[in-house]
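To start, the structure itself, in structure tokens.
The values are calculated or read from the model by the stated rules, or taken from the named source; none is laboratory data. Quick caveat: nothing in here was measured; it's all calculated off a predicted structure. All Cβ positions, even for glycine, are placed from backbone atoms using ideal geometry, and neighbour counts span all protein chains on display. These accessible areas exclude ligands, DNA and RNA; they are computed on the full protein's heavy atoms, side chains included. Shrake-Rupley method; radii C 1.70, N 1.55, O 1.52, S 1.80 Å.
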Amino acid sequence: MKKLIGMVSGFAVCMSMSLLLACGDDSSTSPATNGGDTSALTDSTATTPDGQSTEPANTDPATDPNASQPTDPATDPNAGQPTDPATDPNAGQPTDPATDSNAAQQTDPAAQNSDTDTSSVTFVSDSKFPFEVLDDEIAKDREYVKASAITAYESIKDVYDALEEGDRVVFIVRHAQRESGTGVESQLTAKGVQQAQQAGTALAGDEPFSYGHTDFVRTRNTAINIAFGRGEDTTAFKSIITPNLVASVYTKDKALFEQYKQDSTELSNEGQVYSKWAFDGSLTEAFYDLEARAVQLITQVIVPDMSTENRVNIFISHDMFLMPLMIYVSDRNVASLQYHVSKSGVNYITGFAVVVKANGERRYHLVKGV
């Protein structure tokens with residue numbers, strides 16, 4: 001109970017920052033399906049509810065006409081609302097190890113009392129992020145993008161295993177499967193917990209990692225479950241909140257952005273608007289210049305927020321934030337990122353990696369964790 005109270009108070013601090021960001025950054029590319037009982041490790045400040053969630057990890061929008069239709073908080077008053085324990089007797093109830101063979105794989109939050117739980121979260125950057133054109137950095141990064149020569153996805157493990165002496169890396173990936181709501185407090189499904197833990201298992205070892213995420217419940221819980229999958233002591237889990245890993249950083253005219261969605265029969269959701277802008281170079285009146293904003297995000301947010309102590313960082317974000325950056329670092333060479341055409345978008349635990357070499361140069365990779 002002390003931890004649940006901690007969750008509510010911890011995320012309440014974040015809510016005021018997130019009001020402008022909460023519903024428009026994860027709309028998207030992964031639609032809904034039945035969830036189930038979540039016997040998952042939860043962070044010390046949250047429990048995963050017994051979701052009646054409707055969102056599979058890999059529903060194919062090409063074959064499912066409903067796949068690209070996300071729950072819209074603007075039109076659905078229930079969107080983004082967590083399961084209510086007052087009306088759902090199963091909400092927030094942990095899986096019973098006596099009846100669920102998978103429960104033994106999880107940590108019992110009730111066993112993590114306040115004397116042993118030393119987890120913490122720290123804000124590291126201001127949510128205000130004025131646009132700048134960094135001409136020198138843009139010129140350098142063009143060479144880094146060219147040298148990276150991305151044409152396909154790689155596994156996170158392969159990129160990790162290929163790190164050379166002196167390399168530092170940050171993997172920025174989408175959270176694991178969530179409930180159907182897109183609000184700040186939307187939780188992971190049981191499958192999402194499993195996805196995150198599997199991604200962590202692939203990176204298991206003694207090397208210390210650093211973690212970051214947005215101020216959303218599902219991104220923090222994804223990070224915690226990756227750490228748990230690696231075999232880390234999550235009662236001592238520490239992470240940073242970097243609030244600029246959200247899609248609103250690309251938009252300079254929100255009203256026009258919304259108008260693009262309303263006026264077009266082709267662009268049925270915001271993911272398609274973002275991809276048409278980033279991949280095709282159209283709809284530019286609503287957005288900042290992609291190259292300039294991407295370089296600014298990499299050099300002023302992502303790289304500075306990397307740990308100075310650990311060489312490996314995992315940041316958890318959202319598909320609408322990741323898609324434009326993935327289009328940029330891949331130099332538009334990966335057709336599936338053309339979401340307004342392919343309808344495939346950015347799946348769970350998928351994103352990109354920034355490898356900072358010993359000489360300060362950067363190399364980029366598109367990565368998948370599951």
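Could you figure out which of (1) farther than 28 Å from residue 227 by Cβ; (2) in a helix (DSSP H, G or I) isn't true of residue 323?
Going through (1) farther than 28 Å from residue 227 by Cβ; (2) in a helix (DSSP H, G or I) one by one, residue 323 breaks only (1).
Here are some residues: 258, 232. Which one is open to solvent by 10 Å² or more (accessible area, probe 1.4 Å), over 18 Å from residue 298 (Cβ atoms) and not in a helix (DSSP H, G or I)?
After applying the criteria, what remains is 232.
Filter the range 212-229 down to the residues that are open to solvent by less than 10 Å² (accessible area, probe 1.4 Å), closer than 15 Å to residue 369 by Cβ and touching a helix residue (DSSP H, G or I) at 6+ places or on another chain (Cβ under 6 Å) and list them by number.
If the condition is that a residue be open to solvent by less than 10 Å² (accessible area, probe 1.4 Å), closer than 15 Å to residue 369 by Cβ and touching a helix residue (DSSP H, G or I) at 6+ places or on another chain (Cβ under 6 Å), then 213, 222, 224, 225, 226, 227 are the ones that fit.
Rundown of residues vs (1) more than 19 Å from the chain's Cα centre (by Cα); (2) under 20 Å from residue 138 (Cα atoms), yes/no style:
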residue	(1), (2)
282	yes, no
291	yes, yes
305	no, yes
321	no, yes
330	no, yes
352	no, yes
356	yes, yes
359	yes, yes
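Just a yes or no: is a residue in the range 299-319 open to solvent by 10 Å² or more (accessible area, probe 1.4 Å), among the hydroxyl-bearing types (Ser, Thr, Tyr) and over 26 Å from residue 239 (Cβ atoms)?
No, every residue in the range 299-319 fails to be open to solvent by 10 Å² or more (accessible area, probe 1.4 Å), among the hydroxyl-bearing types (Ser, Thr, Tyr) and over 26 Å from residue 239 (Cβ atoms).
Among the residues of the range 153-189, which ones are in a strand (DSSP E or B) and either under 14 Å from residue 346 (Cβ atoms) or among the hydroxyl-bearing types (Ser, Thr, Tyr) (or both)?
Selection gives 153, 155, 171, 172, 173, 174, 178.
Could you count how many residues in the range 154-178 are in contact with a Leu (Cβ under 9 Å, 6 or more places away or on another chain) and open to solvent by 60 Å² or more (accessible area, probe 1.4 Å)?
Selection size over the range 154-178: 2.
For (1) modelled with pLDDT of 95 or more; (2) within 19 Å of residue 307 (Cβ to Cβ); (3) out of contact with any Cys (no Cβ under 8 Å at 6 or more places or on another chain), each residue gets a yes or a no:
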site	(1), (2), (3)
202	yes, no, yes
224	yes, yes, yes
232	yes, yes, yes
241	no, yes, no
244	no, yes, yes
251	no, no, yes
254	no, no, yes
257	no, no, yes
264	no, no, yes
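Hey, among the residues in the range 185-198 that are open to solvent by less than 10 Å² (accessible area, probe 1.4 Å) and not polar (S, T, N, Q), which one's farthest from residue 158 (Cα to Cα)?
Taking the candidates together, the pick is 188.
So if I check each of 247, 278, 292, which one is surrounded by fewer than 23 Cβ atoms within 10 Å (Cβ to Cβ), on the phi < 0 side of the Ramachandran plot and among the aliphatic types (A, V, I, L, M)?
It is 292.
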